[in-house]
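> Okay, here's the structure, questions in a sec.
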Amino acid sequence: MSDKNKLYVTKPSLPDLNEFISYLESIWESKSLTNNGKFHQQLEKEMADFLKVEYVSLFANGTLALLTSLQVLRITGEVITTPFSFVATTHSLWWNNIKPVFVDIEPNYCNIDPEKIEAAITPQTTAILPVHVYGNPCNIHEIQSIANIYGLKVIYDAAHAFGNKINGNSILNYGDLSTLSFHATKCYNTMEGGAIISHDKITKQRIDYLKNFGFADETTVMAPGINSKMNEMQAALGLLQLKHYNNNLLKRKQLFVLYETKLQDVKGISLLKINSDLSDFNYSYFPIFVNKKDYGISRDDLYSLLKKHNIFGRRYFYPLISQFPTYRGLYSSKPSNLPIAHEITEKVICLPLYSDLQEQHIKKIVNIIKNES
Ligand SMILES: Cc1ncc(COP(=O)(O)O)c(C=O)c1O
């Protein structure tokens, strides 16, 4: 079976190669490959305009953006976070020698449950690191009010939330910092890439020092920074990808709605709710939640059945981060502390969704799910 007939959970969008070549020629001509080059500067400006945020600092990937964001705010001790995310969220704490404290999620959007945050705060807690899972916003107002009372910082892992807005205002404008990922699997990609979104010039400057070894000028190193800079090829691709973003978004939205229409009445399958406060949504993921009792077979059986038909969904997120060897010994990782996350991680499959997916593919996937193939 050729790879062409396989449907993966996502397929990266790329512009026409000819469009990219003129950017490459310019890089070859200038020999400016990295270190805040022309395309890097241009992309930071264009992306800030596009996303309607104050400052963008580009990174080589989303994980380095997360790692660096914790250094920017000098976060230490314990940080409250969610077990229902990609491992990089918690790994970024571990790499900074910070103890993750897991708090359960709420069942509507699979985001951290703000009602359970206060009970997890200790004298060592310095920050909250929530994730806008599948692009739905966390309960930003409640999280901020807890952070205000206890003097905590809030860093959002917004890897899924590129372009999403609440009543016209970017989700990325909430919290102290937000981080993005432009990995190949994301709705906006620079092959690998990421960013930190900040709200004032001084913080933006500190981020930019830290991602370049801590250099403030030729001879001043203001902190033990890292090398997490985006290079000129990534930035050039990013400029092109921005041009095509809205077109791709429109296609994803149509496919998302098609899935919704066809799957909404299947017994035992529930669909992701989209928060009604969202004025802009990126339609990046199409998770379904399988209730074995009502559907007849388990999530894993459906996952294997789809695989047999060359449809490779992904169980985002399974296992929970709190179940991995590094973290499972933590007190907050006890399953009794995380009942909703444990329930959802056993039910979820993300179905293929990307701009090049065809309607006929969705019909095939739906027929298998409805047992009509
Ligand atoms: C929620 C979340 N956080 C962090 C990351 C890490 O980003 P990157 O792969 O760009 O390092 C990802 C995706 O890869 C993610 O989905």
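Here is a yes/no grid of residues against (1) within 14 Å of the ligand (Cβ to nearest atom); (2) in contact with a Lys or Arg (Cβ under 8 Å, 6 or more places away or on another chain); (3) in a loop (DSSP other than H, G, I, E, B); (4) among the acidic types (Asp, Glu):
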{"site": "Leu67", "(1), (2), (3), (4)": "yes, no, no, no"}
{"site": "Ile75", "(1), (2), (3), (4)": "no, yes, yes, no"}
{"site": "Pro83", "(1), (2), (3), (4)": "yes, no, yes, no"}
{"site": "Phe86", "(1), (2), (3), (4)": "yes, no, yes, no"}
{"site": "Thr90", "(1), (2), (3), (4)": "yes, no, no, no"}
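> List every residue pair whose Cβ atoms sit under 7 Å apart, with the two residues 6 or more apart in sequence or on different chains, where the first one lies in segment 72-93 and is closer than 12 Å to Val131 by Cβ and the second, anywhere, is open to solvent by 40 Å² or more (accessible area, probe 1.4 Å) and near the ligand (Cβ under 10 Å from one of its atoms).
Going by the 7 Å Cβ cut-off, the qualifying pairs are Ala88/Thr63; Ser92/Thr63.
> To continue, here is another question. Which residues, counting only those in segment 25-59, are part of a helix (DSSP H, G or I), closer than 12 Å to Met233 by Cβ and open to solvent by less than 20 Å² (accessible area, probe 1.4 Å)?
Scanning segment 25-59 gives Ile27, Phe39, His40, Leu43.
> For segment 92-106, indicate whether the set of residues that are surrounded by 20 or more Cβ atoms within 10 Å (Cβ to Cβ), under 19 Å from the mean Cα position of the chain (by Cα), within 10 Å of the ligand (Cβ to nearest atom) and not in a loop (DSSP other than H, G, I, E, B) is non-empty.
If we filter segment 92-106 for residues that are surrounded by 20 or more Cβ atoms within 10 Å (Cβ to Cβ), which is where we start, we get 92-93, 98, 100-105.
Keeping just the survivors that are under 19 Å from the mean Cα position of the chain (by Cα) gives 92-93, 100, 102-105.
Among the residues that remain, those that are also within 10 Å of the ligand (Cβ to nearest atom) are: 92.
Then keep just the ones that are not in a loop (DSSP other than H, G, I, E, B); that gives 92.
Looking through segment 92-106, at least one residue is surrounded by 20 or more Cβ atoms within 10 Å (Cβ to Cβ), under 19 Å from the mean Cα position of the chain (by Cα), within 10 Å of the ligand (Cβ to nearest atom) and not in a loop (DSSP other than H, G, I, E, B).
> Within segment 224-272, track down each residue that is more than 30 Å from Val366 (Cα to Cα) and surrounded by fewer than 16 Cβ atoms within 10 Å (Cβ to Cβ).
Listed by number, the residues that qualify are Pro224, Asn227, Lys243.
> Which of the numbered conditions does Tyr209 fail, given that it passes all the others? Conditions: (1) within 26 Å of Gln144 (Cβ to Cβ); (2) buried (at least 16 other Cβ atoms within 10 Å of the Cβ); (3) free of Cβ contacts under 8 Å to residues at least 40 places away in the same chain.
Only one criterion in (1) within 26 Å of Gln144 (Cβ to Cβ); (2) buried (at least 16 other Cβ atoms within 10 Å of the Cβ); (3) free of Cβ contacts under 8 Å to residues at least 40 places away in the same chain is unmet by Tyr209, namely (1).
> Among Asn337, Asn310, Asn291, which is the only one that is in contact with a Lys or Arg (Cβ under 8 Å, 6 or more places away or on another chain), more than 16 Å from the ligand (Cβ to nearest atom) and open to solvent by 50 Å² or more (accessible area, probe 1.4 Å)?
Numbers: Asn337 fails: in contact with a Lys or Arg (Cβ under 8 Å, 6 or more places away or on another chain); Asn310 fails: open to solvent by 50 Å² or more (accessible area, probe 1.4 Å).
It is Asn291.
The values are calculated or read from the model by the stated rules, or taken from the named source; none is laboratory data. Since this is a predicted model, take the numbers as computed values, not measurements. Cβ: placed from backbone, ideal geometry, glycine included. Neighbour counts: every protein chain shown. Accessible surface areas use protein heavy atoms only, side chains included; no ligands, DNA or RNA. Shrake-Rupley method; radii C 1.70, N 1.55, O 1.52, S 1.80 Å.
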